[in-house]
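Some notes on the structure that comes next.
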Amino acid sequence: SDNVDLAALDAVRCIEHTMVVVSGEKSVYRCVVAPSSNMNPGGEDGNRSMSLDPQYQSALIASYSYVVSAAVDRLLDLIEYTFLREARCGSNLGASMGSDAAGGAAAGAAGGGMGNDFDIRAAASAAAAGLRIVDGVRMLGPSLSKLCELSNLPGAGPVPPGGESTIASALCISLHRSTVKYCAKTLENLARAIQMDPLDGVKHRPIDARVATVSSDVVHAIRILSPFISAYKSVSKRRSLPWDPNIGENSGEMDLFVRFLVKQLLISLLGKAQNYKNDEGPDAQAKSHLFMMNNTFYLLELLAPAGDFQGSTPEGENHRINAPWFKQKMTQSFESEKQKYLTYWEVLNRHLTDVDDRELSYQGNNVLSLESGRLIKSRFSGFIE
């Protein structure tokens, strides 16, 4: 996680440094072009000046584009390398994501094939790194692209044959498109990693039905992605995503992605809960409901609006899902599972009834007789069992 974040920060720094290099090259270009293009031949001031020869201008543009495109091309390679190596965009996490619960559960059952070296937290770090790079390109990319464009320079004359843009400016467009494409892949990988989390195994389905690792991993993922709202919108506007096929102004916001991640989490939790029923012992069914109660309450405590649940959240990790759908969905699931779980307490209640005093006999000093002691002990043994 640290490595991929550092790689993303380095990539953004390289964008900034490339801006400096390109700006310097443009200043040089201006210094060469300006003296021979500021004055018009036979102008009103009577001064004469040599007009800029088209071949000379073309040679200057070619020289500028050659130097700048080398810098931008290297930057493009670096960002692609960061996505492919550090953010693991080239990793094949399985088939395309299913949208129904059955498809999600089936994918989760086969989740072991993804590999332990690319779990949900790693996928979340990669997605956050991707959004960080998109943010850098989104903030600096347009300026970099404008620096690479020469047709708007005063006195620059006709643009080079073949179109308005230079090789360098064309590479800037490729830089933005490539960044958006790879970032979209990291977001899909995160959703896929949640969907493919195994349904069995002590690490994934705790024996005692406590909060599952997948729940804490998804909370962590939502928190580290939440600051990149504008970067996410930049991606969703330009790429059709499995959870948001719309593009342009009709594309969804970050909340739509978070909602999809929570949906995949609930599918995974329900699959794990179902597998408790396959365990041996009289408490197997009860564990299934208790597991869902523990996990939905955990999600409410850490992600619902702070006024509703006061969790011990570390400073700096206080992101909350304020949209009504989250609290409503989690509360509904918790209450439903609680009602099912409480039916199993009737078994315990049979061992918690009062013992009639008439059934008890005492020895001296109000000490229970042996038979009465066994009666009380039998009630406790039944409760413990």
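The values are calculated or read from the model by the stated rules, or taken from the named source; none is laboratory data. Note that this is a predicted model, so its numbers are computed, not measured. Note: ideal-geometry Cβ built from the backbone for every residue, glycine included; neighbour counts use all protein chains shown. Ligands, DNA and RNA are excluded from the accessible area calculation, which covers all protein heavy atoms including side chains. Shrake-Rupley method; radii C 1.70, N 1.55, O 1.52, S 1.80 Å.
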Inset, instruction - Enumerate by residue number the chymotrypsin sites (Phe, Trp or Tyr not before Pro) in region 313-362 meeting two conditions: DSSP loop (anything except H, G, I, E, B), and at most 16 other Cβ atoms within 10 Å of the site's Cβ. - result: Tyr344
Inset, instruction - Run the accessible area of region 225-301 with a 1.4 Å probe and give the carbon-and-sulfur part as a rounded percent. - result: 50
Inset, instruction - Round to a whole angstrom and tell me the spacing of the C-alpha centers of region 203-277 and region 333-385. - result: 45
Inset, instruction - Please list the equivalent ellipsoid semi-axes of region 185-253, computed as the square roots of five times the alpha-carbon gyration tensor eigenvalues, in descending order and whole angstrom. - result: 30, 13, 8
Legend entry - Packing rank of 231-238, 123-130, where each peptide gets the mean count of other beta carbons within 10 Å, highest leading: 123-130, 231-238
Inset, instruction - Treating only the Cβ atoms of Lys and Arg (+1) and Asp and Glu (-1) as charged, compute the dipole magnitude of region 274-385 about its Cα centre; round to the nearest 20 debye. - result: 200
Legend entry - region 219-314, accessible area per residue, ligands and nucleic acids excluded (1.4 Å, Å²): 43
Legend entry - Flagged links, alpha-carbon separation over 32 Å, of Lys146/Lys237; Lys237/Lys277; Lys340/Lys377; Lys203/Lys340; Lys26/Lys181; Lys185/Lys272: Lys237/Lys277
Inset, instruction - May I ask you to evaluate 6.51 cos²θ - 1.76 cosθ + 1.60, the Karplus curve with θ = phi - 60°, for each residue of region 14-31 and list the ³J(HN,Hα) values in order in whole Hz, giving x for glycine and proline? - result: 5, 4, 5, 5, 5, 4, 5, 4, 5, 4, x, 5, 5, 4, 4, 4, 4, 4
Legend entry - Loop-resident sites, region 184-278, for GluC sites (Glu not before Pro), counting at most 15 other Cβ within 10 Å (DSSP): Glu253
